[in-house]
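This report concerns only the one structure given below.
The values are calculated or read from the model by the stated rules, or taken from the named source; none is laboratory data. Everything numeric in this text was worked out from a predicted model, so none of it was measured. Cβ placement follows ideal geometry from the backbone for every residue including glycine, while neighbour counts extend to all protein chains displayed. When the accessible area is computed, the model is the full protein with side chains, heavy atoms only, and any ligands, DNA or RNA have been set aside. Shrake-Rupley method; radii C 1.70, N 1.55, O 1.52, S 1.80 Å.
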Amino acid sequence: MSAHKVTATQKQGNRMMTGAEIFVRCLIAEGVEVVFGYPGGATIGIYDALVDLSDIKHVLVRHEQGATHAAEGYAKATGKPGVVLVTSGPGATNTVTGIADAFMDSIPIVVFTGQVPLKLIGNDAFQEADIVGITRPITKHNYLVRDVRELARTIKEAFYIATTGRPGPVLVDLPKDVMAQKGLFEYPEKVELRSYKPVTEGHPRQIKKAADLINAAKRPVLYVGGGVIQSNASDELRKLAGILQCPVTTTLHGLGAYPENDPLALGMLGMHGTWYSNVAVQYCDVLIAVGARFDDRVTGKVEAFAAEAKKIHIDIDPSAISKNVKVDVPIVGDVKSVLKKLIESVQPLDTKDWLATIEQWKREHPLRYRSGEAIRAQYVIQKLGEITGGNAIVVTDVGQHQMWTAQFFHWVHPRSHITSGGLGTMGFSLPAAMGASFGRQDLPVISISGDGGFQMNSQEMATIVEHKLPVKIFVINNGFLGMVRQWQELFWRRRYSHVGLHNPDFVKLAEAYGCTAYRVRQSSEVEEVIRKALAHKDGPVFVEFVVVQEDNVYPMIPAGQTVNEIIDVPEPVTKASDGAPEDALMTVAKGQHISTTKEIQQ
Amino acid sequence: MTHTKDADQGTGESNNGEHLRRHTISVLVENKFGAFNRVAGMFAAKGYNIDSLSVGPTEEEAISRMTIVTRGDDQIIEQITKQLNKLIDTIKVVDLTFENFVERELVLVKVQATQSSRSEIMQIAEIFRAKVIDISPKSLTLEATGSQQKVDAIIKMLKPFGIKELARTGRVALKREFQGEV
Ligand SMILES: Cc1cc2nc3c(=O)[nH]c(=O)nc-3n(C[C@H](O)[C@H](O)[C@H](O)COP(=O)(O)OP(=O)(O)OC[C@H]3O[C@@H](n4cnc5c(N)ncnc54)[C@H](O)[C@@H]3O)c2cc1C
Ligand SMILES: Cc1ncc(C[n+]2csc(CCOP(=O)(O)OP(=O)(O)O)c2C)c(N)n1
Ligand SMILES: [Mg+2]
């Protein structure tokens, strides 16, 4: 860390201080910029130490779930670990959803929880919860600190474990009496754990085998996941794809790892992926999985997934390999380092015919939606993509709007897309966007939620307004729990069961928090309001898009099925003879020039 | 009477009739708070079988050895090994099934013993090289060690007399250094 911090550390070298003070000094030494937290009885000593040690920015969230999502958003946007500090009992249990979310999506966060004094543990003491036990299956690792002399080393280890190998959440439980004990502050320089040594270099023999397979490929596809972004390996990926002239499809978490304005881009694959990406995977002869984990939303029916292809899998976590899909050449290692080696061992391929076939698929089956006077969510997202040119950090919630954003936004930068994929946590977007905004000032941060999910953590509006964060808060209001409604429509004979939402006046709500707010209902207003929101300088801005109520996300491969069962956008139904203008058919194909959509519009 | 899970077969059939092989996995873990829970919890959370699990200190104080007997097809066993390795406290995982190894289990059996049956029970004990470690007018408690098959066999022999209580340790195992017969 910076020089002044080292000296600050040295100066305090041999003074006895409380665990609470040691704790704060450890965070400073670790280079932590911001802590998302909420105080309580068990952490009151720590909070007292924060009064004097103000090098660290503490953000008072309005709910501990918000703190964990904010830490996730910060981590995903910056690549640095997110930090949370909450009290014992309910404070700790409120972090559980965010911890599980970070675990599923491999996000480095470190969660510090207060705990009742050691001697009261197990007594059903006031605000006692066995948070170490509760979070054992949803953390990469967790600790209960039993002695102030272990505190600094434990914190060092926690950050090390969270951020290395396959990243993930680490929880450290801090009993109140331990934090009051006195000790010396000495932050270890490095960590040596004989039981934890992540492999980062791929095995040369495996890389050779992979190169041999690739060099013989006729119809290769790169299947790219969140690991590429976590490894900061987008450049290497582009290089490899370029040499091989190999089409690239990304998972939901891989969006942004490969620029979609490149002709080799196929967009997202999987349940709601593009038609052509799924078909390309179906017909490829070599599938190169890079930092992707063969999730069931990607594979559908496992036996049918890229059934003809030889499969190469690069992943830092050995347990991710051959977990769902048996692969031919596993390579355990860090994506960046493995790709560098692989680039040296492969030769340019002649994929002209393969690319021509894919081009044709793109023309025949682009992403499509019908747009008219009433706003379609897809249209909002497409416009947002065009206006920003992809130069934004877009944070989505869970549901239809999430899938439409994945499909229709213009992804060109790594770390520009943040969402809850593995756990699918509604309520993620707003606090995660808040966290991202604390970490990144270079790009506008845009939170996109559904009307359902927004209400699951809307309390963080207060935090965002308090800190005047320039977050653009978009709510796609379709009056429904849209994604569940879609399933009920398609697979449960349209028997709608508890999916209609009786919503508050979102604009008034936003205004009550002190936020500038707009509502739009017409397609013709969309572009202007987006521009206005992006130009808004003074703190957050809120926009409610009132959209068509019943619209579906297409294409869709129903859960557990294959690309043969893919449902594409239905052909337009003939309108009643009321003279209403036909909605225009809008199309987008990833990897083609976005301007084609404009031509179709006219 | 105590009911013990009979895991005698070297193989087991899963519900769908798939062939599941039995594996003895030896795991060295840091002897830290919660390490045992992590291992047991991982098996529970992932739905893996545990036939037996024993844990105790090793020659090095800071390290515990767990011996886990589990069943699964190749893919499951591969995942089990990987998941064990993934736990931060795990130092080493060895699937002894692929090695030459020695395996022992200890059992304590409290068996009903009347004046007339006592000597017959003691004969059985002798054949199995079991020790009598407690005696009362109505019972005998035996201690036997051996391979799982041997332990199963003595239990089977004692069953007709009436087993009042029984405790098994589960298997412990080590890789064999001497490759010939002892
Ligand atoms: C409503 C809904 C619908 C969805 N539909 C889709 C869909 O249509 N398509 C889709 O793709 N997803 C979809 N998802 C998301 C899906 O559930 C998964 O979260 C996602 O597919 C996983 O992405 P990933 O494979 O990139 O893995 P991630 O969860 O991002 O995991 C990253 C992988 O990379 C590895 N890794 C991490 N760092 C490194 C490194 N440095 N070096 C090497 N490897 C590393 C990790 O070990 C891990 O295996 C949907 C989610 C929701 C909520
Ligand atoms: C916490 C949580 N509860 C329930 C669900 C199940 N679920 C998935 S999508 C969805 C509907 C989301 O509705 P909304 O936020 O309005 O978004 P839309 O789909 O309408 O865009 C629900 C209820 C979930 N993912 N997360
Ligand atoms: Mg909705």
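Worth a mention:
- Within segment B:83-108, tally of residues that are open to solvent by less than 40 Å² (accessible area, probe 1.4 Å), within 12 Å of chain A (Cβ to nearest Cβ) and not in a strand (DSSP E or B): 5
- Within segment A:204-224, residues that are over 16 Å from A:Thr249 (Cβ atoms) sit with their Cβ atoms under 6 Å from residues that are in a helix (DSSP H, G or I), at 6+ positions apart or across chains, in these pairs: A:Ile207/A:Lys341; A:Ile207/A:Leu342; A:Ala211/A:Ser345.
- Residue within segment A:146-156 that is under 27 Å from A:Gln459 (Cβ atoms) and among the polar types (S, T, N, Q) present: no
- Only listed residue being polar (S, T, N, Q), crowded, with 24+ Cβ neighbours inside 10 Å and over 24 Å from the mean Cα position of the chain (by Cα), chosen from A:Thr68, A:Thr87, A:Thr95, A:Thr113: A:Thr87
- Answer residue from segment A:384-400, given it is open to solvent by 10 Å² or more (accessible area, probe 1.4 Å) and part of a helix (DSSP H, G or I) and is nearest to A:Asn278 (Cα to Cα) among those: A:Glu386
- When residues of segment A:175-203 are limited to those that are of a type in the set (A, V, I, L, M) and over 31 Å from the mean Cα position of the chain (by Cα), the one farthest from the other protein chains (Cβ to nearest Cβ): A:Leu184
- Verdict on A:Tyr196 being assigned to a loop (DSSP other than H, G, I, E, B), in contact with a Ser or Thr (Cβ under 9 Å, 6 or more places away or on another chain) and without any contact (Cβ under 8 Å) to a residue 40 or more places away in the chain: yes
- Taking helices (runs of 4 or more DSSP H) as the structural unit, those lying wholly within segment A:494-602 and holding at least 1 residues that are at pLDDT 95 or above correspond to A:506-512, A:523-535.
- In segment A:465-479, the count of residues that are at negative phi, assigned to a helix (DSSP H, G or I) and either out of contact with any helix residue (DSSP H, G or I) (no Cβ under 9 Å at 6 or more places or on another chain) or at pLDDT 95 or above (or both) is one or more.
- For segment B:27-43, the tally of residues that are among the charged types (D, E, K, R) and open to solvent by 40 Å² or more (accessible area, probe 1.4 Å) stands at 1.
- Cβ-Cβ under 8 Å pairs, at least 6 apart or on other chains, segment A:383-401 side free of Cβ contacts under 8 Å to residues at least 40 places away in the same chain, far side away from ligand 3 (no atom under 16 Å from the Cβ): A:Gly389/A:His410; A:Gly389/A:Val412
- Residues of segment A:312-326 classified as more than 10 Å from chain B (Cβ to nearest Cβ) and surrounded by 22 or more Cβ atoms within 10 Å (Cβ to Cβ), total: 5
- Qualifying positions in segment A:134-171 - within 13 Å of chain B (Cβ to nearest Cβ) and of a type in the set (Gly, Ala, Ser): A:Ala158, A:Ala162, A:Gly165, A:Gly168
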